[in-house]
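This is the structure I want to talk about, given as structure tokens.
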Amino acid sequence: MAAVLQAQVQEQAFDPAALHRSLKVADCGAVVEFTGYVRGGEGSAAVTTLELEHYPGMTERSLQLILEDAAARWPLLAATVVHRVGRLAPGEPIVWVGVGAAHRGEAFAACDFIMDFLKTRAPFWKKEHGPAGSAWVEARSSDDERAARWQPPQGSSR
Amino acid sequence: MAAVLQAQVQEQAFDPAALHRSLKVADCGAVVEFTGYVRGGEGSAAVTTLELEHYPGMTERSLQLILEDAAARWPLLAATVVHRVGRLAPGEPIVWVGVGAAHRGEAFAACDFIMDFLKTRAPFWKKEHGPAGSAWVEARSSDDERAARWQPPQGSSR
Amino acid sequence: MLRLLFFARVREQLGCDRLEVPWSADAATVEKLLSHLQQRGPQWQAALGQPNLLIAVNQCVAEPADLLREGDEVAFFPPVTGG
Amino acid sequence: MLRLLFFARVREQLGCDRLEVPWSADAATVEKLLSHLQQRGPQWQAALGQPNLLIAVNQCVAEPADLLREGDEVAFFPPVTGG
């Protein structure tokens, strides 16, 4: 059975309870969810607004490809990713990834994998605004290192 | 800052949205949640009721110790585990584990760790009832193998 | 007195969920108590003779050589299967 | 025509979010287009000369030697930072 995959990019807030319910397909035994929030920082790094720019079209496409990669690596029942764009305040949710599977091993691995590739492949860019001014967030090498943990699936030449 | 740790054992259903909110302390950037559901099985393995027995007192204590172990290994802001006991139907949630942290790496690792030790250390026992009769669920060696992935924390002699 | 508790399959096999026995100097370790209990009859031999049996003393998993003291709570159960 | 798009820091440095340029045989690969664009002035040299610049052709990340065809959409952007 093909996994139910959903990728959404939107300005408005999302409803984790409804997203969770949509993952509970078939004889689902395990759901793993990740929610990422805007952090407020402190002192000279304080953030009052986080601005999220993206590349409409490529964003949705890259999220869908990441979900398809995950579903090809693990026997998933369902996987959803929702990413917000526009202006967000500290404490607001930015991103939600949920995975439903028969067993927890694949649900944990796939959720972690989807976040790693979202962070390093999906065309989103963050700009922080605060009392000390505005600055684009720099890409972190730790994100590249996390993404590099995932070897290509067996039998794949990618 | 000490992590906010909560362990609950109860017959009634739980409210994931309220549990999630209780994890969002301080400047939380990442929440990872696991929800385990009763699976219905098929054919001769069909399950109509899952019965969960536990060891009152030791159960709460062992869950609390698992949370403390996780908080000693990773810089967590909050971690909660809720496990149900009594009689449950297929599709009902059995267990919920949520972890809040500044960054996603530690939230994913700690949530996965807590589930592995809950599965192998906390005194719960499942009995399946179905058209083919009733049977205690056997412990799975795959759960022991998952728990063995976690080495003692550096500097610990345990 | 020792307060003995039996759970899950062990409880069902014994038809017993709790039992009080006097503490005695010749059954003052986990393994000695266990062999005393196994002598209560074939059901006890079967239920408590399983190689994967777990024993907790005062709610902590115990080793065979651990000492027992007056008033201890000793629980016998199969491998756990929660989650 | 090639439809060029610029995002985030690159967009700000250029003061430009999109541009149409004619397709030409002498700028028919990603790297040739890039060096043509860098010749538009110092701002273009700076914004498009960054070593970590990413380029996508028709919404897929491209390599320098990739061919460009009439009508392609070519996007220029810094490393991504979503999530």
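Within chain A, what's the longest run with no GluC sites (Glu not before Pro) in a DSSP loop and at most 13 other beta-carbon atoms within 10 Å? Give the range, please.
So the longest stretch without any such site is A:43-137.
While we're here: Provide an ascending nm list, one decimal, of label-point separations from residue A:65 to the equivalent residue in each further copy; define each label point as 7 Å from Cα along Cα→Cβ.
Copy-to-copy label distances at residue A:65, shortest first: 4.9 nm.
Past the 32 angstrom mark, what percentage of all C-alpha to C-alpha distances in the protein assembly as shown do you count?
Of all Cα-Cα pairs in the protein assembly as shown, 51 percent lie more than 32 Å apart.
Measure nothing but the geometry: give the 0 to 90° angle between the long axis through the Cα atoms of A:58-73 and the longest principal axis through the Cα atoms of chain A, rounded to 10°.
That works out to roughly 40 degrees.
Across the protein assembly as shown, how many lysine pairs, 8 or more apart or on two chains, come within less than 24 Å at their alpha-carbon atoms?
Lysine pairs meeting both conditions in the protein assembly as shown amount to 8.
I need the Debye-formula profile for chain D: one equal scatterer per C-alpha, no solvent, reported as log10 I(q)/I(0) at q = 0.21 1/Å, two decimals.
-0.96
In nm, to one decimal, how far is the modelled label at residue B:129 from the one at residue D:20, with both set 7 Å along Cα→Cβ?
Between residue B:129 and residue D:20, the label points sit 7.2 nm apart.
Please go through region C:1-34 and write out the GluC sites (Glu not before Pro) that DSSP classes as loop and that have at most 11 other C-beta atoms within 10 Å.
When the GluC sites (Glu not before Pro) of region C:1-34 are filtered for loop state and at most 11 Cβ neighbours within 10 Å, nothing remains.
Since chains B and A are linked by a rotation, which residue in B has the beta carbon closest to its axis, and how far is it in Å?
Nearest-to-axis residue on chain B, with distance in whole Å, is B:33, 2.
Which value in nm describes the separation of the simple spin-label points at residue C:54 and residue B:42, placed 7 Å from the Cα toward the beta carbon?
My value for the distance between the label points is 3.2 nm.
Between copies, how far apart are the residue A:26 label points? List them in nm, one decimal, shortest first, with each point 7 Å from Cα toward Cβ, please?
Label-point distances to the other copies, shortest first: 4.1 nm.
In the P(r) worked out for region A:72-153, what percent of Cα pairs fall beyond 18 Å?
53 percent
Next question, about the same structure. Name the chain D residue with the Cβ nearest the axis that maps D onto C: which is it, and what is the distance in angstrom?
Measuring from each Cβ to the axis, the minimum is at D:83, 14.
Can you tell me the 0 to 90 degree angle between the C-alpha axis of helix A:104-121 and the longest principal axis of chain A, rounded to 10?
The two axes meet at around 40 degrees.
No value in this document is a laboratory result; all are computed from the given coordinates. Treat the numbers as computed from the prediction; the structure is a model and nothing was measured. Here Cβ is always computed from backbone atoms with ideal geometry, including for glycine, and neighbour counts include all displayed protein chains.
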